[in-house]
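Asks: First the structure, then my questions, so here it is.
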Number of protein chains: 2
Amino acid sequence: MALIVQKYGGTSMGSPERIREVAKRIAHYHAQGHQLVVVPSAMSGETNRLIGLAKELNPDPHGRELDVIAATGEQVSVGLLALALQTLGLKAKSYTGWQVKILTDSAFTKARILSIDDANIRRDLAEGCVVVVAGFQGIDANGNITTLGRGGSDTTGVAIAAALGADECQIFTDVDGVYTTDPRVVPEARKLTSITFEEMFELASQGSKVLQIRSVEFAGKYKVKLRVLSSFTNFDSDDTGTLITYEEEDNMEQPIISGIAFNRDEAKLTVTGVPDRPGIAFAILGPIAEANIDVDVIIQNTSFDGITDFSFTVHRNDYNKALALLNEKVKPAVNAKGVTGDNKIAKVSLVGIGMRSHAGVAAKMFECLAKENVNIQMISTSEIKTSVVVDEKYMELAVRALHQVFELDKLPS
Amino acid sequence: MALIVQKYGGTSMGSPERIREVAKRIAHYHAQGHQLVVVPSAMSGETNRLIGLAKELNPDPHGRELDVIAATGEQVSVGLLALALQTLGLKAKSYTGWQVKILTDSAFTKARILSIDDANIRRDLAEGCVVVVAGFQGIDANGNITTLGRGGSDTTGVAIAAALGADECQIFTDVDGVYTTDPRVVPEARKLTSITFEEMFELASQGSKVLQIRSVEFAGKYKVKLRVLSSFTNFDSDDTGTLITYEEEDNMEQPIISGIAFNRDEAKLTVTGVPDRPGIAFAILGPIAEANIDVDVIIQNTSFDGITDFSFTVHRNDYNKALALLNEKVKPAVNAKGVTGDNKIAKVSLVGIGMRSHAGVAAKMFECLAKENVNIQMISTSEIKTSVVVDEKYMELAVRALHQVFELDKLPS
């Protein structure tokens with residue numbers, strides 16, 4: 001008998017039929033004697049519908065009101081799922097974020113969880129209840145409704161698991177685990193039975209959509225055992241999905257590369273002909289940071305004759321804003337020659353804990369891309385990741401070629 | 001400058017376009033210097049959609065979960081309306097029932113308001129905010145979400161007006177006031193510029209759909225000035241709708257009859273051949289009350305040879321349940337001869353404060369119906385109301401004939 005937190009995504013909750021299936025799956029685990037806390041997302045499409053309504057009335061809606069509206073999606077889900085569980089004869093009780101309560105800061109639309117009061121949940125579990133808690137939402141110290149940002153239900157699940165000291169947090173989604181890369185791009189992609197938190201964190205931050213990055217960060221910090229599973233497989237199958245685990249617990253031989261992530265969400269900006277003097281990076285990126293634009297890759301080359309080029313990438317949504325800032329504020333201020341940009345780029349990243357102890361991964365990556373005639377525009381590395389920025393039209397080609405060269409379709413020996 | 005509570009119904013909030021119109025109307029009042037608390041209903045159709053989803057998952061849903069789900073309709077509305085007001089440059093802030101907070105008892109799906117904490121509302125009003133409060137919902141002493149039953153947003157509006165000591169509570173709906181009867185049945189129906197609480201209460205309880213009966217009761221009890229207005233007329237027109245007022249304040253000559261209400265929501269049941277002995281009414285209606293079935297009209301005739309017939313009406317939804325109870329429990333217990341029933345009936349009611357001091361209203365009513373060959377099945381009277389039960393096929397005919405005989409299309413002299 002274990003205490004398990006299960007999170008079900010929007011596709012799993014997509015219709016009354018799907019909710020009934022989720023209820024049966026929960027009943028199956030409950031019948032095995034487990035204590036269950038379940039965190040459902042809003043029914044698929046619902047959050048977009050609600051935010052669409054809000055934007056129709058106010059193109060630049062205040063976060064406080066947006067959260068009041070968006071939080072209803074998960075509120076409906078917890079009520080429906082509790083009813084479906086009751087139909088199966090189980091004791092079940094729903095909670096919104098404020099009812100639990102899940103205390104967050106006041107950063108509307110992207111709040112962070114500060115604490116969770118587990119008294120109600122523990123009492124109900126002790127009474128044999130399945131406890132159904134709304135994902136994605138909380139309450140701030142002033143009694144305002146907050147939401148955690150897209151994919152926030154994953155974070156809710158992990159945070160509750162951490163607060164309860166649960167044995168496992170299971171993330172049920174429409175894929176049956178974490179793959180070496182997206183199988184829609186590389187059909188030979190292989191499902192991983194386990195992966196470390198560090199690798200999962202890099203994969204998530206580099207564009208893998210399986211888990212929300214903050215939930216992985218949270219799980220790593222609070223040492224919550226995380227498992228990714230499909231809610232669409234037969235629930236008495238022996239498919240155990242992908243376990244996300246600590247490196248030190250793992251006694252298997254680590255492969256050099258665990259997976260390949262990619263995304264098209266970024267855009268590249270370059271300030272050319274910049275005098276190479278101390279403080280120039282801050283002079284360029286200061287106004288960008290002030291405008292709340294996150295910067296990802298940053299490149300500055302060795303200067304020639306005291307003049308250099310400075311490049312960085314931002315989220316594609318921020319491209320126009322950043323370009324305008326560079327032209328209007330930064331260029332005159334730093335006396336640059338020009339500003340160029342490109343929003344048709346993609347980032348491809350190799351991720352693997354084994355990179356730490358294996359030289360030559362980057363060289364092998366660049367060789368592979370050269371053979372395919374893919375020009376590398378930017379390079380960025382970390383201890384367990386090597387990323388390149390390429391023209392977005394080469395993205396799939398690059399991912400497929402790298403998957404083959406690093407033999408990710410084969411089990412590591 | 002006045003403190004006004006405005007309630008907007010589901011049709012008024014039916015689409016983003018309609019919500020924008022509501023926001024403009026509020027801005028119009030705000031520009032005149034009034035302080036405004038606004039109570040919107042869920043967008044039309046939304047509550048039905050939500051309850052439909054719930055019943056699909058559980059045909060007999062627990063009230064606690066049903067309220068969690070249903071309350072989201074108004075939560076979305078307050079957020080959207082606050083955003084629409086902000087777009088117009090107004091300061092606006094939304095509140096759910098629990099945020100206000102509106103404390104209710106724990107009778108899920110039909111909770112009653114116990115108290116309203118007006119601290120947040122008063123603070124925001126003082127800061128020039130339009131305060132938008134979700135109708136229909138509250139929170140019980142255990143932190144559960146509750147709802148007030150269909151039409152509960154009217155009650156929320158009146159209760160807030162009472163708590164704040166507002167100058168007026170304006171109920172905006174899709175009709176422009178209270179009519180002598182439903183204009184769809186009688187095209188000559190006339191809009192009343194004022195009506196007393198007692199009359200409005202009787203009209204509402206007899207089937208007039210303009211206001212929820214509990215809200216009228218509440219307004220009468222707490223002496224809240226209530227006005228029914230249309231949200232579809234031009235908002236700078238001088239249409240003042242219908243004011244619902246205290247008899248004692250009203251210095252106009254009262255007409256004998258103010259209006260005619262009707263409904264098809266009832267069904268009739270008769271237990272025949274019952275021994276006429278003390279306790280027989282309780283023996284028949286006790287089991288009905290125990291099953292939570294509300295009884296409206298009750299008739300027992302003088303007995304003949306110690307044997308009598310006993311008739312009563314219930315809501316049509318309860319007809320089958322009541323019929324089964326009478327046959328299975330009551331009939332053997334009281335040794336009755338038989339049980340009969342009819343769910344094709346309608347009730348037609350004349351309402352008027354002037355009845356108190358004018359004899360002959362009932363006689364004139366019965367004469368009129370006799371002339372039209374409408375058979376009267378049951379009669380029930382109160383101080384300011386006379387109701388008859390007739391075959392439902394005669395309902396419109398009866399209403400039209402009575403409207404003409406009592407000259408309700410003409411202004412009272």
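Nothing in this text is a laboratory measurement; each read-out follows from the coordinates by a stated rule. This structure is a prediction, so every number in the text was calculated from the model and none was measured. Note: ideal-geometry Cβ built from the backbone for every residue, glycine included; neighbour counts use all protein chains shown.
Asks: So how tilted is helix A:16-31 from the main axis of chain A? Cα-based, degrees 0 to 90, rounded to 10.
Replies: 70
Asks: 7 Å along Cα→Cβ for the label point: how many nanometres lie between A:ALA289 and each equivalent label in the other copies, listed shortest first?
Replies: Once sorted, the set of distances for A:ALA289 reads 7.5 nm.
Asks: Report the residue, chosen from B:VAL132, B:VAL295, B:VAL178, that carries the largest GNM mean-square fluctuation when chain B is represented by alpha-carbon nodes joined by springs under 10 Å.
Replies: Top of the fluctuation ranking is B:VAL295.
Asks: Express the relative contact order of the stretch B:3-250 as a whole percentage, based on alpha carbon pairs under 8 Å and six or more residues apart in sequence. Write down the numbers at each step before the final one.
Replies: Details: 531 pairs, mean separation 51.0, N = 248.
Relative contact order, the stretch B:3-250: 21 percent.
Asks: With the dipole of the stretch A:47-169 worked out from charges on the C-beta (+1 for Lys and Arg, -1 for Asp and Glu) around the Cα centre, which of A:GLN75, A:LEU103, A:THR156 lies farthest toward the positive end?
Replies: Of the listed residues, the answer is A:GLN75.
Asks: Can you tell which of B:ILE298, A:GLY341, A:GLY354 lies farthest toward the positive end of the dipole of the protein assembly as shown, using +1 and -1 charges on the Cβ of basic and acidic side chains (Lys, Arg; Asp, Glu)?
Replies: Checking the options against the dipole of the protein assembly as shown, the answer is A:GLY341.
Asks: Extending each Cα 7 Å along its Cβ direction at B:ARG150 and A:ASP118, get the distance between those two points in nm, one decimal.
Replies: Distance between the two pseudo-spin positions: 4.5 nm.
Asks: OK, next. Could you tell me which residue in chain B puts its beta carbon nearest the axis mapping B onto A, with the distance rounded to whole Å?
Replies: It is B:THR72, 2, counting Cβ atoms only.
Asks: Distances from B:ASP276 to the same residue in each other copy, label points 7 Å out along Cα→Cβ, in nm, shortest first?
Replies: Label-point distances to the other copies, shortest first: 11.5 nm.
Asks: What average count of beta carbons from other chains do you get within 10 Å of the Cβ of residues in B:17-30?
Replies: Shielding by partners across B:17-30 averages 1.
Asks: Right, another one. More than 20 angstrom separation, counting every C-alpha pair in the stretch B:31-113; what % is that?
Replies: Percent of Cα pairs beyond 20 Å in the stretch B:31-113: 44.
Asks: Does chain B classify as rounded, prolate or oblate by the C-alpha gyration tensor (a ≥ b ≥ c root eigenvalues; a/c under 1.5 gives rounded; else a/b over b/c gives prolate, otherwise oblate)?
Replies: oblate
Asks: Taking θ as phi - 60°, what are the ³J(HN,Hα) couplings along the stretch A:171-185 by the Karplus curve (6.51, -1.76, 1.60), each to the nearest whole Hz, with x for Gly and Pro?
Replies: Per residue, the Karplus-derived 3J(HN,Hα) values read 9, 8, 9, 8, 10, 9, x, 9, 9, 4, 7, 5, x, 5, 8 Hz.
Asks: Counting Lys +1, Arg +1, Asp -1, Glu -1, what net charge surrounds A:LEU81 among other residues with beta carbon under 14 Å of its beta carbon?
Replies: Neighbourhood net charge equals +2.
Asks: If I fit a long axis through the Cα atoms of helix A:280-290 and take the longest principal axis of the Cα atoms of chain A, what angle between them do I get, 0 to 90°, rounded to 10?
Replies: 30
Asks: Continuing with this model, one more query. About the Cα centre, and with charges only on the beta carbon of Lys, Arg (+1) and Asp, Glu (-1), how big is the dipole of chain A? Nearest 20 debye, please.
Replies: Using Cβ point charges on Lys, Arg, Asp and Glu, chain A gives about 600 debye.
Asks: At 4 °C and a viscosity of 1.567 mPa s, what translational diffusion coefficient does Stokes-Einstein give for the stretch A:1-143, taking Rh as the Kirkwood radius over Cα pairs? Give it in µm²/s as a whole number.
Replies: 83
Asks: In whole Hz, with x marking every Gly and Pro, tabulate ³J(HN,Hα) for the stretch B:304-321 from phi via Karplus 6.51 cos²θ - 1.76 cosθ + 1.60, θ = phi - 60°.
Replies: Residue by residue, the stretch B:304-321 yields 10, 6, x, 10, 9, 10, 10, 10, 7, 10, 10, 4, 4, 4, 9, 4, 5, 5 Hz.
Asks: Taking the label point as lying 7 angstrom from Cα along the Cα-to-Cβ axis, what are the distances from B:LEU88 to the corresponding position in the remaining copies, in ascending order and in nanometres?
Replies: Inter-copy label distances (nm, one decimal, shortest first): 4.8.
Asks: Which angle from 0 to 90°, rounded to the nearest 10, does the C-alpha axis of helix A:46-57 make with the longest principal axis of chain A?
Replies: Helix A:46-57 and the main axis of chain A meet at about 60 degrees.
Asks: For a label point 7 Å from the Cα of A:ILE376 along Cα→C-beta, name the residues of the stretch A:396-411 whose backbone N is under 18 Å from it.
Replies: Those under the cut-off are A:396-407.
Asks: Mean-square fluctuation check for chain B, GNM, Cα pairs under 10 Å: which of B:VAL339, B:VAL22, B:VAL224 is largest?
Replies: So, out of B:VAL339, B:VAL22, B:VAL224, the one fluctuating most is B:VAL339.
Asks: Okay, moving on. So between B:LEU285 and B:GLN32, what do we pick up on full extension, going 0.36 nm a residue minus the alpha carbon distance?
Replies: So the extension gain works out to 85.6 nm.
Asks: Quick one: work out Rg over Rh on the C-alpha atoms of the protein assembly as shown, Rh as Kirkwood radius.
Replies: 1.09
Asks: In debye to the nearest 20, how big a dipole does the stretch B:99-149 give about its Cα centre with +1 on each Lys and Arg Cβ and -1 on each Asp and Glu Cβ?
Replies: 120
Asks: Provide the packing ranking of A:319-330, B:36-47, B:353-364, i.e. peptides ordered by the mean count of other C-beta atoms within 10 Å per residue, highest first.
Replies: The peptides rank, most packed first, as B:36-47, A:319-330, B:353-364.
Asks: Collect residues whose amide H, placed 1.01 Å from N in the peptide plane, falls under 5 Å from the amide H of A:SER230; neighbours closer than 5 in sequence don't count.
Replies: Under 5 Å from the amide H of A:SER230 lie the amide H atoms of A:THR173, each far enough along the sequence or on another chain.
Asks: Under a straight-distance cross-link criterion of Cα-Cα below 13 Å, which aspartates and glutamates are reachable from A:LYS93, leaving out those fewer than 8 residues away in the same chain?
Replies: The qualifying aspartates and glutamates are A:ASP124, A:GLU127, B:GLU65, B:ASP67.
Asks: What does the average come to when, for each residue of peptide B:142-150, you count the partner chain Cβ atoms lying within 10 Å of its Cβ?
Replies: The per-residue average across the peptide is 2.
Asks: In whole Hz, with x marking every Gly and Pro, tabulate ³J(HN,Hα) for the stretch A:331-345 from phi via Karplus 6.51 cos²θ - 1.76 cosθ + 1.60, θ = phi - 60°.
Replies: Listing the rounded values in order: 4, x, 5, 9, 6, 7, 7, x, 10, 10, x, 8, 10, 10, 10 Hz.
Asks: For a quick check: with amide H placed at 1.01 Å from N, whose amide H comes under 5 Å from B:VAL297's, ignoring anything fewer than 5 positions away on the same chain?
Replies: Here B:THR313 satisfy the definition.
Asks: Within 10 Å, count the other beta carbons around each residue, average over each peptide in B:154-167, B:189-202, and list them highest first.
Replies: B:154-167, B:189-202
Asks: Can you tell which of A:VAL330, A:THR242, A:HIS403 lies farthest toward the positive end of the dipole of chain A, using +1 and -1 charges on the Cβ of basic and acidic side chains (Lys, Arg; Asp, Glu)?
Replies: Among A:VAL330, A:THR242, A:HIS403, the one farthest towards the positive end of the dipole of chain A is A:VAL330.
Asks: Tell me, what is the percent relative contact order of the stretch B:1-127, built from C-alpha pairs under 8 Å that lie six or more residues apart?
Replies: It comes to 23 percent, rounded to a whole number.
Asks: At q = 0.12, 0.17 Å⁻¹, what log₁₀ I(q)/I(0) does the stretch A:126-229 have when each alpha carbon counts as one equal point scatterer in the Debye sum?
Replies: Computed log10 I(q)/I(0) values: -0.45, -0.83.
Asks: Tally Lys/Arg at +1 and Asp/Glu at -1 over every other residue whose Cβ is under 12 Å from the Cβ of B:ILE102; what's the total?
Replies: Residues near B:ILE102 contribute -3 overall.
Asks: For A:VAL133, enumerate residues with amide H under 5 Å from its amide H, sequence gap 5+ or separate chain, H modeled in the peptide plane.
Replies: Those lying under 5 Å, H to H, from A:VAL133 are A:VAL38, A:VAL39, A:TYR95.
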